[in-house]
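Report on one structure; see the data block that follows.
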Amino acid sequence: MLQAAGLHCERGGRALFRGLSFEVGGGTLLRIAGANGSGKTSLLRLLCGLLEPTQGEVRWKGEPIGRLREEYSRELVHIGHAAGLKDELSAAENLGFTCALAGVAASDAQIHDALARVGLAEKKPIRQLSQGQRRRAALARLALSGQVPLWLLDEPFAALDALAIAEVQKLIAEHAGRGGAVVFTTHQDPGLAGARVIEL
Amino acid sequence: MLAAARAIVCRDLLVAMRRRSDVALALLFFVIVVSLFPLGVGADPALLHAIGPGVIWVAALLSSMLALGRLFEADHADGTLEQLALGVAPLGVVVVAKAAAHWLLSGLPLVLIAPLLALQYDLPPMLYGVLVLSLLLGTPVLSLVGAIGAALTLGLRGAGVLLALLVLPLFVPVLVLGAGAVEMAAAGLGAEAQLLLLAALLVAAAALAPWAIAAALRISLE
């Protein structure tokens, strides 16, 4: 499904990686590992099209993603370093907005269930939540994105407690079981069975 | 696509309603600037008639500038701008929705309050219609053109000053036509030419600015 062909990435005049090629098929988990500053986040941004590679290209189902644009966006979920949440809105309002933007139909009940799944039943504005709760609110989107084939997750386990980590691992494993592809970055091995690893 | 655009406008309005001080700030700035001039130049009716339209338009322009810095900055800081860029709606549509929300929050209140402030300049009531119409046509252009500058300066150090230097010269035609429309009407001449040109500017900005804003945002997001 997803193919990276000869990716070169330079940031601030420094080469982060060169000639990186790999493929991610349906039902595959790919973990991108590496030290701080090794280019994990940049690689994920390249894969979702937020960043242009210095050389090489990213293809989705054989087509360069630059040509597909919104068609590709419809087929991916990207959760980056920043939570992508508005401080003034509640977790449910943020999730509803994110779904509308991603073209995912979600009823109030589904949104409530998704938040409950990550252990978040708070109606408080996001600014009153802890860092870990914010991360949970962002990751709740995964519970509503089962039909989206590609998940790109940047440090999905950061700031989470053990219970939340287990729930996110379950969500990821379920997605792979459905035939979806998940590419995620982590410093440490999260213990997801069957995950391929690329070390930057 | 339209559902996504509607969601963006609703979200921005909801966020603004929960952070009312930001909206009130630009409006208060407009009210204060317009009110300072009669106090500074004296109560000569002829002078006030002459400078009124220009002062109201310059204040509207500066007030619109004040709110421009926040157009993409907050979304950039909290990561929602990336989600907007990766949404199912083309970025051109997304930025139109953002500019529309910006106008509803910073342009429309100025249009509505302008006749009240024009009382301080003793402008004849027959000019209020032209003043409101010129602002109604001109302030969306300020939002659209200003958004290009806001996107270009996103994340830069000293972005506020740079934004003003980039955008203020581009606002000049709107200012000349907007203030000119009211002055023409005050002189008993028709304001149709200025208003039609303002409408043409609005159509041109609506057609071209979204693509320029989207291209600038893509560069800033890298």
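Bear in mind that the values in this text are calculations on the coordinates, not laboratory data. In this text, all values refer to a predicted model and were calculated from it rather than measured experimentally. Positions of Cβ are generated from backbone atoms using ideal geometry, with glycine treated the same way; all protein chains shown enter the neighbour counts.
Ignore the peptide's own chain and count Cβ atoms of other chains within 10 Å of each Cβ in A:48-56; give me the average, rounded.
Mean partner-chain Cβ count within 10 Å for A:48-56: 2.
Just the number, please: percent antiparallel of the DSSP beta bridges in the protein assembly as shown, rounded to the nearest 5.
So the antiparallel bridges in the protein assembly as shown amount to around 45 percent.
Once the convex hull of the alpha carbons of the protein assembly as shown is built, what does its volume come to per residue, in cubic angstrom?
Spread over its residues, the Cα hull of the protein assembly as shown gives 142 Å³ apiece.
Give the peptides B:184-197, B:60-73 in descending order of average Cβ contacts within 10 Å, highest first.
Per-residue Cβ counts within 10 Å, averaged per peptide and sorted highest first, yield B:60-73, B:184-197.
Just name one of B:Leu116, B:Gln83, B:Ala159: the one whose Cα is farthest towards the positive end of the charge dipole of the range B:2-221 (beta-carbon charges, Lys/Arg +1, Asp/Glu -1).
B:Gln83
For the range B:35-133, evaluate the Debye formula with one uniform point scatterer on each Cα (no solvent term) and list log10 I(q)/I(0) at q = 0.20, 0.22 Å⁻¹, rounded to two decimals.
The Cα Debye sum returns log10 ratios of -0.96, -1.08.
Quick one: Debye curve from the C-alpha atoms of the range B:110-179, no solvent, what's log10 I(q)/I(0) at q = 0.19 Å⁻¹?
Once normalised to I(0) and log-transformed, intensities are -0.79.
For the range B:2-221, build the convex hull from the C-alpha positions and give me its volume per residue in Å³.
With only Cα atoms used, the range B:2-221 gives 113 Å³ per residue.
For the range B:2-221, build the charge dipole from Cβ charges (+1 Lys, Arg; -1 Asp, Glu) around the Cα centre, then report which of B:Met126, B:Ala206, B:Trp57 sits farthest towards its positive end.
After comparing all options, I get B:Ala206.
When you look at the Cβ of every residue in A:61-71, what mean number of other chain Cβ atoms sits within 10 Å?
1
For chain A, compute Rh as the Kirkwood radius over C-alpha pairs and then the Stokes-Einstein diffusion coefficient at 10 °C and 1.306 mPa s; write the answer in µm²/s, rounded to an integer.
In µm²/s, the coefficient is 92.
Could you give the dipole magnitude of the range B:2-221 about its Cα centre, charging the beta-carbon of Lys and Arg +1 and that of Asp and Glu -1, in debye to the nearest 20?
Result for the range B:2-221 is approximately 540 debye, rounded to the nearest 20.
Based on DSSP H runs of at least 4 residues, each adding -39500 (n - 2.57), what is the mean residue ellipticity at 222 nm of chain B after dividing by all its residues, to the nearest 500 deg cm²/dmol?
Calculated at 222 nm, the ellipticity per residue is -28000 deg cm²/dmol.
Is the C-alpha gyration tensor of the range A:132-200 telling us rounded, prolate or oblate? Criteria: a/c under 1.5 is rounded; beyond that, a/b larger than b/c is prolate, otherwise oblate.
In terms of gyration-tensor shape, oblate.
Could you name the lysines in cross-link range of A:Lys123, using Cα to Cα under 22 Å and dropping any fewer than eight places away on the same chain?
Those lysines meeting the cut-off are A:Lys86.
If you take the square roots of the eigenvalues of the alpha-carbon gyration tensor of the range A:90-165 and sort them as a ≥ b ≥ c, do you get rounded (a/c under 1.5), prolate (a/b over b/c) or oblate?
Since a/c reaches 1.5 but b/c is at least a/b, the shape of the range A:90-165 is classed as oblate.
As I understand it, the value is the acute angle between the Cα axis of helix B:2-18 and the longest principal axis of the Cα atoms of chain B; what does it come to in degrees, rounded to 10?
So the helix axis and the longest Cα principal axis differ by about 70 degrees.
Can you find, among A:Tyr72, A:Thr98, A:Leu51, the residue farthest towards the positive end of the dipole of the range A:51-99? Put +1 on the C-beta of Lys and Arg, -1 on that of Asp and Glu.
Of A:Tyr72, A:Thr98, A:Leu51, it is A:Tyr72.
Please check which bits of the range A:136-155 a label hung off A:Asp161 would reach, taking the label as a point 7 Å along Cα-to-C-beta and the cut-off as backbone N under 19 Å.
Inside the label zone: A:136-140.
Volume per residue, Å³, of the convex hull around the alpha-carbon atoms of the range A:1-115?
137 Å³
May I ask you to list the trypsin sites (Lys or Arg not before Pro) in the range A:1-88 that are in a DSSP loop and have at most 15 other Cβ atoms within 10 Å of their Cβ?
A:Lys61, A:Arg69
For peptide A:98-108, what's the mean number of Cβ atoms from other chains within 10 Å of each residue's Cβ?
So the per-residue partner count for this stretch is 4.
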